[in-house]
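Structure, as structure tokens:
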Amino acid sequence: MNLDIRTVAPENLREEMLRLRREQKMNFLETLTGMDWGEEGGLGVVYTLESTETGERAALKTATTDRENPMLPSVSDIWKIANIYEREVYDFYGIKFTGHPDMRRIFLREDWVGYPFRKDDEPEKENPLRMTNEPLADVTESYVLNPDGTVVKETHPIFEEGEYVVNIGPQHPSTHGVLHFRVSLDGEVIRKIDPVLGYIHRGVEKLNESLTYPQTLALTDRLDYLGAMQNRHALCLCIEQAMGIEVSDRVKVIRTIMDELQRIDSHILFFSCLCQDLGATTAFLYGFRDREKILDIFEETCGGRLILNYNTIGGVMADLHPNFVKRVKEFIPYMRKNLQEYFDIFINNVIARNRMDGVGILSLDDVISFGCTGGTGRASGWHNDVRKRMPYAAYDRVEFNEITRKEGDSFARLMIRMDEIKESLNIIEQLIDNIPDGPFQEKTKPIIKVPEGTYYTAVEGSRGEFGVFLESHGDKTPYRLHYRATGLPLVAVMDTACRGNLIADLITIGGTVDYVVPDIDR
Amino acid sequence: MLFDFNVISQWLHGALTSVMPEWAAILTESILVALAIITLYAVFAIILIYMERKICAFFQCRLGPMRVGKWGLLQLFADVFKMLTKEIISMRQSDRFLHNLAPFLVVIASMLTFACLPWNKGAHILDFNVGVFFMLAASSIGVVGILLAGWSSNNKYSLIGAMRSGAQIISYELSIGLTMLTMMALTGTLQISEIVEQQYAEGWNIVRGHVPAVIAFLIYLIAGNAECNRGPFDLPESESELTAGYHTEYSGMHFGFYYLSEYLNLFITAGIATTIFLGGWAPLHIIGLDGFNGVMDYIPGIVWFVGKTLFVVFLLMWIRWTFPRLRIDQILALEWKYLVPISLVNLVVMAIVAAYGFHF
């Protein structure tokens, strides 16, 4: 959808944000995107907000023309997730947020020179390939704005002297990728977690600024590789909406089925990896056995198993394989039957229950403030399913339930995924028999230029709301293409969820909040 | 009827003393016995690792090793040679002496315990009147090796793993001691050969002691599994939390010793369960079926012992490949809140059963 953005001056920003938070109950900070509008527009931030109570949405922007020492007020005390988002903006644009408690780089190396997302920055010039290990700071900085307008820089230690700090990652079997937690321990009890991100940061958003629209599609599958279909769907949808392309019914239904298959695939992998993390290796392979069936279905139609490259602007890459319908119809009863095995071998096991019940409880306020969408949010009772909130593709014509639970513990997060597998099977079952005829691809111009404007489109990814924020200046490349990563809020919430729990619980909680690292680092 | 190994040992002793003085004969015998232990130790480690890989594969809808030799039979030999040729890496900042000593302590402990097993009638290596007591004492040396490994590696994962291991093994030794005590109340002797002889004559202990013996057997299996640091009690090395726990920093054959002793401890735990509960080398006898019993007696004791032991090993592997891992507080709660009180009550029950002759 085209965003209607209201401009707010930096000095009024906090006041306006507090008003929105209090009066309009805007408790969900959906995205916080750094922007460089050049010399005139300055460096700024675009915020999109939503009220979980009324469903009302708002978009605001603020900017400063000071390129030497840009400062904007922080909103990290209003929405907890802003803490990480503002660090990302600081990392890429060098905007310092006054009042932010922890102004460090987040994805790039700490010895990186310059701010690569600024349009006038030349990242290659001062950043040769460094042959030394990345230094990790033990102190962090914050900028405090005094009432008289002066700014004071303060430094704080991240960990106190003599704390027993253990590195979980970057190479660790249970971080599900190259993720690094610095964990302060008191015996086996976790006192604090400091996530260190960016080990597989590939600068996807920066790359996008020099790629044509069809080229940008290729990178989406490599963000959350367990949500490849949905990610690419989101970007295609965003570009199609911006250009006013209406895809055929056939494409809508195909995309819906593919998204749901991908969701089942992701949830099965979630289950498998959780079993592996908790030491139940046999259940792990049961999951992989079933996931294989989905990958086979994908392979026939898309040619790929993990990186699918299926959606395109205006349709899908190729028509469905003749076997597709038959295979999917075989899979539905097969999966329903095998799902029971998961319960028999793992979920109903007394040890598994004891490891998950009441572990890592997240309150409703916390998940909303951290923006933990997807199963993690729904396990705490937050109705955040994009398929219901802002229906797209064929979701308005199928019957399905949005699964939510109240407990907010690890077991609830697991059960949400198990129930969602059933719901996804129901959705597929409703659609598979009547896939409408029609073209699988709309004709588009050879060179795609998106009309000027700012657009935001979200789909329900495998692990939450995957959003595409696109600012176009009418060129054949995007001016700014930002993804609302589903995993970043999930990593941000780890500290809150894990404090006071045991080190073994860190693994359980990490497994059940279900992040995928390439999606976090982008 | 049953084959008696004493025949062979006496023949050997006689043959040796006829060609050399008494002391030299005993020395030669000791060396032969030592060689026998080491060979058996290695052979059983290989059998168990192969068995574990195949069983775990079948549980997980896989085939396991298939490429090296028929059904992957030579895979393990290839693995052993690989292990032997690997470099032993010594690290800066570690306590070199303790780091190198630790694996040997673990292996020595498991070999000493291994030597206590009764393989056949007359085929015991260590057998004296406080045999069970000695076995418990020897097996608990292993924990020192694990603690030293964690401490000397100067690695935080290793240290946490070693501390977990210490807490776990020392706790569960209590249960093992209590179940042993329970069974000793029934048998009235601590000498391993006598315990088995008694079962040969009067029936397996698990049948003789009925209810308290079955309870003791179950507790022993749980605690024994925990002693071996195997799933669901594998949290000293829980790979998904501590990468490899106390042996993270070991390589080559030093790691190999931990690996060997893990499997041998599994065999020993099962072997002790066989000896104490399932009659050791005593064949299956059913009262009243004399013909059947006679046939059973033709099967040598060593086959009975190894067969029963591998059956218990299979039970333990079944458990390992089914259950998820416990958490440290749950492991300690299970021991101190459930197993120890139950064992204590069970001991009293068994004492009553034994004193009033309620057993078979």
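The values are calculated or read from the model by the stated rules, or taken from the named source; none is laboratory data. Just so you know, these numbers come straight off a predicted model, no measurement behind them. We place every Cβ from the backbone using ideal geometry, glycine too, and count neighbours over all the protein chains shown.
Scanning region A:212-235 for residues that are over 17 Å from the mean Cα position of the chain (by Cα) and not in a helix (DSSP H, G or I) yields a total of 1. Set side by side, the residues B:GLU241, B:GLU237, B:GLU262 differ, and just one is within 12 Å of another protein chain (Cβ to nearest Cβ) and without any contact (Cβ under 8 Å) to a residue 60 or more places away in the chain, which is B:GLU241. Total residues in region A:283-304 satisfying the condition of being within 26 Å of the chain's Cα centre (by Cα) and either of a type in the set (S, T, N, Q) or not in a helix (DSSP H, G or I) (or both): the figure is 2. The single condition from (1) of a type in the set (Gly, Ala, Ser); (2) farther than 14 Å from A:ARG463 by Cα; (3) touching a helix residue (DSSP H, G or I) at 6+ places or on another chain (Cβ under 8 Å) that A:ALA412 fails is (3).
Select the strands (runs of 3 or more DSSP E) contained entirely in region A:149-211, then report the ones holding at least 3 residues which are in contact with a strand residue (DSSP E or B) (Cβ under 6 Å, 6 or more places away or on another chain) and within 23 Å of A:PHE97 (Cβ to Cβ). Quick ask: steps written out before the conclusion?
Numbers: elements: A:151-157, A:164-168, A:180-186, A:189-196.
Hits in region A:149-211: A:151-157, A:189-196.
Scan region A:463-479 for residues that are acidic (Asp, Glu) and in contact with a helix residue (DSSP H, G or I) (Cβ under 9 Å, 6 or more places away or on another chain) and jot them down. Selection gives A:GLU465 alone.
None of A:ARG250, A:ARG232 is in the same structural domain as A:ALA485 (by TED's automatic domain parsing), touching a Ser or Thr at 6+ places or on another chain (Cβ under 7 Å) and among the basic types (Lys, Arg) except A:ARG232. Identification of strands (runs of 3 or more DSSP E) wholly contained in region A:3-108 with 1 or more residues that are touching a residue at least 40 places away in the same chain (Cβ under 8 Å) and within 30 Å of A:LEU129 (Cβ to Cβ) yields A:28-36, A:43-50, A:96-98. If the requirement is being away from every other protein chain (no Cβ under 14 Å) and at pLDDT below 90, which of these qualifies: A:GLU209, A:GLU188, A:GLU163? When all the criteria are applied, what remains is A:GLU209.
For region A:276-291, which residues satisfy the criterion of being at the interface with chain B (Cβ under 7 Å from one of its Cβ atoms) and more than 16 Å from B:PHE58 (Cβ to Cβ)? Lay out the reasoning, then the answer.
If we filter region A:276-291 for residues that are at the interface with chain B (Cβ under 7 Å from one of its Cβ atoms), which is where we start, we get A:276-282, A:285, A:289.
Selection gives A:GLN276, A:ASP277, A:LEU278, A:GLY279, A:ALA280.
Scanning region B:217-234 for residues that are within 14 Å of chain A (Cβ to nearest Cβ) and closer than 17 Å to B:LEU136 by Cα yields B:ILE222, B:ASN225, B:ALA226, B:ASN229. Checking the structure you have, find out if any residue of region A:309-325 is part of a helix (DSSP H, G or I) and not aromatic (Phe, Trp, Tyr). Yes. Check whether at least one residue in region B:87-102 is outside any helix (DSSP H, G or I), modelled with pLDDT of 85 or more and either within 14 Å of another protein chain (Cβ to nearest Cβ) or touching a Leu at 6+ places or on another chain (Cβ under 8 Å) (or both), and report yes or no. Scanning region B:87-102, I find no residue that is outside any helix (DSSP H, G or I), modelled with pLDDT of 85 or more and either within 14 Å of another protein chain (Cβ to nearest Cβ) or touching a Leu at 6+ places or on another chain (Cβ under 8 Å) (or both), so the answer is no. Annotation note: of A:GLY500, A:GLY511, the sole residue that is under 23 Å from A:ALA352 (Cα atoms) and either outside any loop (DSSP other than H, G, I, E, B) or hydrophobic (A, V, I, L, M, F, W, C) (or both) is A:GLY511.
With respect to A:PRO135, determine if the residue is surrounded by 10 or more Cβ atoms within 10 Å (Cβ to Cβ) and over 17 Å from A:ARG202 (Cα atoms). No.
Selection over region A:104-116 of residues that are out of contact with any Pro (no Cβ under 7 Å at 6 or more places or on another chain) and over 17 Å from A:GLU68 (Cβ atoms) gives a count of 7.
Rundown of residues vs (1) over 19 Å from the mean Cα position of the chain (by Cα); (2) assigned by TED's automatic domain parsing to the domain that holds A:THR457; (3) in a helix (DSSP H, G or I), yes/no style:
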{"position": "A:ASN384", "(1), (2), (3)": "no, yes, no"}
{"position": "A:LYS388", "(1), (2), (3)": "no, yes, yes"}
{"position": "A:TYR392", "(1), (2), (3)": "no, yes, no"}
{"position": "A:ASP396", "(1), (2), (3)": "yes, yes, yes"}
{"position": "A:GLU402", "(1), (2), (3)": "yes, yes, no"}
{"position": "A:LYS406", "(1), (2), (3)": "yes, yes, no"}
{"position": "A:MET415", "(1), (2), (3)": "yes, yes, yes"}
{"position": "A:GLU420", "(1), (2), (3)": "no, yes, yes"}
{"position": "A:GLU423", "(1), (2), (3)": "yes, yes, yes"}
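Search region B:103-130 for residues being among the aromatic types (Phe, Trp, Tyr) and part of a helix (DSSP H, G or I), and hand back the single one that is surrounded by the fewest Cβ atoms within 10 Å (Cβ to Cβ). Walk me through how you get there before you give the answer.
Taking region B:103-130 first, the residues among the aromatic types (Phe, Trp, Tyr) are B:104, B:114, B:119, B:128.
Still in the running and part of a helix (DSSP H, G or I): B:104, B:114.
Values: B:PHE104: 12, B:PHE114: 25.
Of everything passing the filter in region B:103-130, B:PHE104 is surrounded by the fewest Cβ atoms within 10 Å (Cβ to Cβ).
Tell me yes or no: at least one residue of region B:195-216 is assigned to a helix (DSSP H, G or I), more than 25 Å from B:ASN120 (Cα to Cα) and within 14 Å of another protein chain (Cβ to nearest Cβ). No: zero hits.
Here is the figure for region A:244-275: residues that are within 14 Å of another protein chain (Cβ to nearest Cβ) and of a type in the set (A, V, I, L, M, F, W, C) total 4.
The residues of region A:121-148 that are without any contact (Cβ under 8 Å) to a residue 12 or more places away in the chain and either polar (S, T, N, Q) or part of a loop (DSSP other than H, G, I, E, B) (or both), listed by number, are A:ASP121, A:GLU122, A:PRO128, A:LEU129, A:MET131, A:THR132, A:ASN133, A:ASN146, A:PRO147, A:ASP148. Looking at B:ILE169, B:ILE146, B:ILE192, just one residue is away from chain A (no Cβ under 14 Å) and over 26 Å from A:ALA280 (Cα atoms), and that residue is B:ILE192.
Beta carbons closer than 7 Å, at least 6 apart along the sequence or on distinct chains, pair a first residue in region A:161-188 that is within 20 Å of B:SER165 (Cβ to Cβ) with a second that is at pLDDT 80 or above and hydroxyl-bearing (Ser, Thr, Tyr) for A:TYR164/A:SER184; A:LEU185/A:TYR164.
Results for (1) surrounded by 14 or more Cβ atoms within 10 Å (Cβ to Cβ); (2) more than 26 Å from B:PRO118 (Cα to Cα); (3) among the hydroxyl-bearing types (Ser, Thr, Tyr), shown as yes or no for each residue.
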{"position": "B:ALA273", "(1), (2), (3)": "yes, no, no"}
{"position": "B:LEU289", "(1), (2), (3)": "no, yes, no"}
{"position": "B:VAL295", "(1), (2), (3)": "no, no, no"}
{"position": "B:VAL306", "(1), (2), (3)": "yes, no, no"}
{"position": "B:THR309", "(1), (2), (3)": "yes, no, yes"}
{"position": "B:PRO324", "(1), (2), (3)": "yes, yes, no"}
{"position": "B:ILE331", "(1), (2), (3)": "yes, yes, no"}
{"position": "B:LEU334", "(1), (2), (3)": "yes, yes, no"}
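Residues of region A:316-340 that are touching a residue at least 24 places away in the same chain (Cβ under 8 Å) and either surrounded by fewer than 15 Cβ atoms within 10 Å (Cβ to Cβ) or β-branched (Val, Ile, Thr) (or both): A:VAL316, A:ALA318, A:ASP319, A:VAL325, A:VAL328, A:LYS329, A:ILE332, A:TYR334, A:ARG336.
If you take the residues in region B:272-326 that are within 14 Å of chain A (Cβ to nearest Cβ) and in a helix (DSSP H, G or I), which one is nearest to B:SER193 (Cα to Cα)?
It comes out as B:MET317.
Only residues that are hydrophobic (A, V, I, L, M, F, W, C) and surrounded by fewer than 20 Cβ atoms within 10 Å (Cβ to Cβ): list them for region A:348-382, please. Within region A:348-382, A:VAL350, A:ILE361, A:LEU364 meet the criteria.
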